[in-house]
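Comments concern the structure below.
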Amino acid sequence: MTETAQQKRVVVVGAGWAGLGATYHLAQQGYDVTLLEAGPYPGGLVAGWKTTEGRSVEGGIHGFWYPYSNIFSLVRELGLQPFTPFTRSAQYSPAGLEVESPIFQDEPQLPTPLGTFLYTRFKRLPLIDRLSALPLLYAIADFDNSDEAWRRYDKVTARELFKQFGVSARLYKDSFEPMLLVGLFAPGEQCSAAAALGMLYYFILAHQPNFDVVWCRGTVGETIFKPWVQQIEKAGGKVLINQRVNDVLLDEIGKTKGVVCGDEVFEADAVIFAVSVSGMKKIVSGSSTLKKYQQFRDLQNLGAIDVLATKLWCDRKINVPLPSNACFGFDSTTGWTFFDLNALQDEYKDEPGTVIEADFYHANQLLSMSDEEIVEKVQRDLAVCVPEFRDAKVIDSSIIRVSQGVTHFAPGSYQYLLSAKTNIHNLFMSGDWVITRHGSWSQEKAYVTGLEAANLVIKSFGIGNKANIIPVEPDEPHIQIARTVNQTVRGISESFLPKFWLP
Ligand SMILES: Cc1cc2nc3c(=O)[nH]c(=O)nc-3n(C[C@H](O)[C@H](O)[C@H](O)COP(=O)(O)OP(=O)(O)OC[C@H]3O[C@@H](n4cnc5c(N)ncnc54)[C@H](O)[C@@H]3O)c2cc1C
C-alpha cells in the first residue's frame, strides 16, 4: 500500500518567515504538519501586535526589496495587497542630509553598477571617494556565493576587505559602513567580508532596481501573517503558539521521532527547525540528544546582535522629506533608520501628529537605557536630521528591545553555520542564517530556506510536489563574463601553485 502525505507527521519549530513558509507548503501538499511557536504571536522577528491601548506595534519596520520575488509571489497567491508603492529614501549623518536615492527602476537602465553609481544623489561625498570603490568590482566578481567563495572571504573582516581594495576612508565611513550596519546589523570590523559582499550584491549591485523597496501599509503581522496563518489552517496545518520546544527525541537508529515541548511530546516523522541562532543555541544547550552532535555543539560559536525598535507619537505634523531614512555617525558602532509612518501606514494617514518609527541596529549600549532616556535620545537624533523634531512634544511611545535577536555574520562564522540537511537525516534546518546557494538575504532568504526545507521533506518521503522556488535574477552578461574569466584564471593558477598561502 502506498503511503499518503496525511500519514506523515511533520513538526516545524518557529513561526517566522522560514517556519511559516515550510508549514504552508507542506500543509498544501497534504502533510500532517504542526508549527510550534514559543511566542504569543506568529511572525518571529517580524511579528506585530496591538498594545492594550489598541496601538499597532512591531519589532522594527521591515522593507521588501525589489528582488524578493518569492515573497511577492506568495503575497499575490494569497490574494493580498499589503504593500506601498516603491519609495525613495535618504541618508543622514550628524552633518545633515548626505544622500537621496531615486526609484532606480524608473531611471534609464544601465549595466550594473553604473546606475547605482550615477543615479544616487550624493550631497557631500566627493567624486574621488566614490571612484575609489572601482577596484572592489574584482571582489564582487570573484565572490559568487559558492562554498569556496565563502571560505575564501569569510575569515576576513569587511573593513579589511575594503581597505585592501583601496576604498577611501570617507567612502567607507559614509557609505559602506552604514550599509553594513543596516544590512548586516554590525560595523565592518565585526562583519565577515563574504557576508558583506553577498549582501551588498543582492541588495544593491546585482541589478539597477534591486535597491528599490516597498513597505507594508500596516504591520506585517496584520497585513500578511494573519491572513497567511488562516490559509495555513484552511489547508489543514496547525499553528500552535506559546509552545517552546526544548528537546528532540531520537529513535534507536538516530532518526528524529518527535520534539519535547515542556511536558508534552509532539511525535513526528520529520522535523524542521526554523528558529534564530540564539533560539537554536538555547535548544541545543538544553537538549541531551542534539548535544551529542558536533555540528549542533558548534553552534555555540555563533553570535547574535541586539536591536532596538522605537515608535514615537508627536503632538504635531512634521514635514519628513522622504518616508524611509538611514542614519550613520551618531554612535560609532550603531546604525539607525527612521520612517514616516503617516506616509507609509494606513493607520496613521489621518493622524493629527507625526508618527515615527526609529530602529537601531547593533544597539548593545542602548538596551540598558530607560524608556525615557531612549525617547530623549531618539528625539535628539531625529532633530539633527529634521530640525522640526526639536520643538515637538512626544505624547506616546513604544520601545521594543530585541536582545540577541538577529544573526551576527561575524568573520569566521561560516564554518559553523548549518545547511538545510543535518547529520540527523530527518531533521532539517531553515532560517535567515542557514546556508543556501539561492543568493537572497533577510526575510526573502528566511522564506526561501523554509521552502527548501519543505522540499527536502518531500524528497525524503517521495510524497507531494516540491515548492517552486524562484531563483534570483541571473547575473548581467558582463558580470557573467567577468566571473567566467576569473574562474578560469583561478583554476589555472590553482592547478600549478601549491596550496601554500592562506586562501
Ligand atoms: C529591527 C529589525 C529590522 C529588520 N529589517 C528588515 C528589513 O527591512 N527587511 C528584511 O528583509 N529583513 C529585515 N530584518 C531581518 C528579518 O526580520 C529576518 O531576516 C527574518 O525575519 C528572519 O526570519 P526567520 O524565520 O529566519 O527567523 P525569526 O523571525 O527569528 O523566527 C524564529 C521564530 O522561532 C521562535 N522560536 C525560538 N526558539 C523557539 C523554541 N525553542 N520553540 C519554538 N519556537 C521558537 C521565535 O519565537 C521566532 O518566532 C530586520 C530585523 C530586525 C530585528
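Values quoted throughout were computed directly from the atomic coordinates according to the rules given, and no laboratory measurement underlies them. Everything numeric in this text was worked out from a predicted model, so none of it was measured. With ideal geometry, Cβ positions are generated from the backbone for all residues, glycine too; neighbour counts draw on all protein chains shown.
Computed per residue of the chain from DSSP H runs no shorter than four, each worth -39500 (n - 2.57), the mean residue ellipticity at 222 nm is -8500 deg cm²/dmol. With R₀ set to 41 Å, the beta-carbon distance separating Arg437 from Glu373 gives a calculated FRET efficiency near 0.40.
For segment 303-408, the spherically averaged projection of the C-alpha convex hull amounts to 6.5 nm².
What do you get for GluC sites (Glu not before Pro) in segment 240-275 restricted to DSSP loop and a cutoff of at most 11 other Cβ within 10 Å of the site's Cβ? When the GluC sites (Glu not before Pro) of segment 240-275 are filtered for loop state and at most 11 Cβ neighbours within 10 Å, Glu252 remain. Taking other residues whose beta carbon is less than 10 angstrom from the beta carbon of Gly48, and scoring Lys, Arg as +1 and Asp, Glu as -1, yields 0.
Segment 420-445 and segment 120-176 have their alpha-carbon centroids 27 Å apart. Net length available on complete extension from Ala169 to Leu110 is 18.5 nm, with 0.36 nm assigned per residue and the Cα-Cα distance removed. With the simple model of a label 7 Å out from the Cα in the direction of the Cβ, Lys317 to Lys257 spans 6.6 nm.
Separation of segment 310-351 from segment 183-203 is 24 Å, based on Cα centroids. Remark on segment 89-212: hydrodynamic radius 14.8 angstrom, per the Kirkwood mean of 1/r across alpha carbon pairs. Remark: relative contact order (the chain) = 23 percent; criterion is Cα-Cα distance under 8 angstrom and separation of 6 or more residues.
Straight-line reach from Lys291: taking Cα to Cα under 28 Å and skipping same-chain neighbours fewer than 8 places apart, the lysines in range are Lys8, Lys155, Lys255, Lys257, Lys281, Lys282, Lys421, Lys445, Lys459. The slack in the chain from Tyr416 to Asn246, taken as 0.36 nm per residue of separation less the alpha-carbon distance, amounts to 59.1 nm. Scan segment 1-84 for GluC sites (Glu not before Pro) in coil per DSSP, keeping those whose Cβ has at most 13 other Cβ atoms within 10 Å, and list them by number. Loop-located and lightly packed - Glu3, Glu53. A simple spin-label model places the labels of Trp501 and Lys459 3.6 nm from each other, with each point 7 Å out along Cα-to-Cβ.
Would you work out if the chain is rounded, prolate or oblate? Take a ≥ b ≥ c from the square roots of the eigenvalues of the alpha-carbon gyration tensor; rounded if a/c is under 1.5, else prolate when a/b is larger than b/c, oblate otherwise. Here the chain falls in the oblate category. Taking all Cα pairs closer than 8 Å and separated by 6 or more residues, the relative contact order of segment 303-408 comes to 46 percent. At an R0 of 45 angstrom, the distance between the Cβ atoms of Thr333 and Gln6 translates into a FRET efficiency of 0.30. Highest mean first, the peptides 238-246, 408-416 sorted by other C-beta atoms within 10 Å per residue fall in the order 408-416, 238-246.
Shown in residue order for segment 148-165 are the 3J(HN,Hα) couplings computed by the Karplus curve 6.51 cos²θ - 1.76 cosθ + 1.60 at θ = phi - 60°: 4, 5, 4, 5, 5, 9, 5, 8, 9, 7, 4, 4, 4, 4, 4, 5, 4, 8 Hz (x for Gly and Pro). Calculate the spin-label point distance for Glu148 paired with Gln81, positioning each point 7 Å from the Cα along the beta-carbon direction, and give it in nanometres. Calculated label separation equals 4.9 nm. The packing ranking, built from the mean of other Cβ atoms within 10 Å per residue, places the peptides 106-117, 131-142, 13-24 in the order 13-24, 131-142, 106-117, highest first. Between segment 1-69 and segment 284-303, the alpha-carbon centres lie 24 Å apart. The Kirkwood radius of segment 62-116, taken over pairs of alpha-carbon atoms, gives through the Stokes-Einstein law at 25 °C and 0.890 mPa s a diffusion coefficient of 177 µm² s⁻¹.
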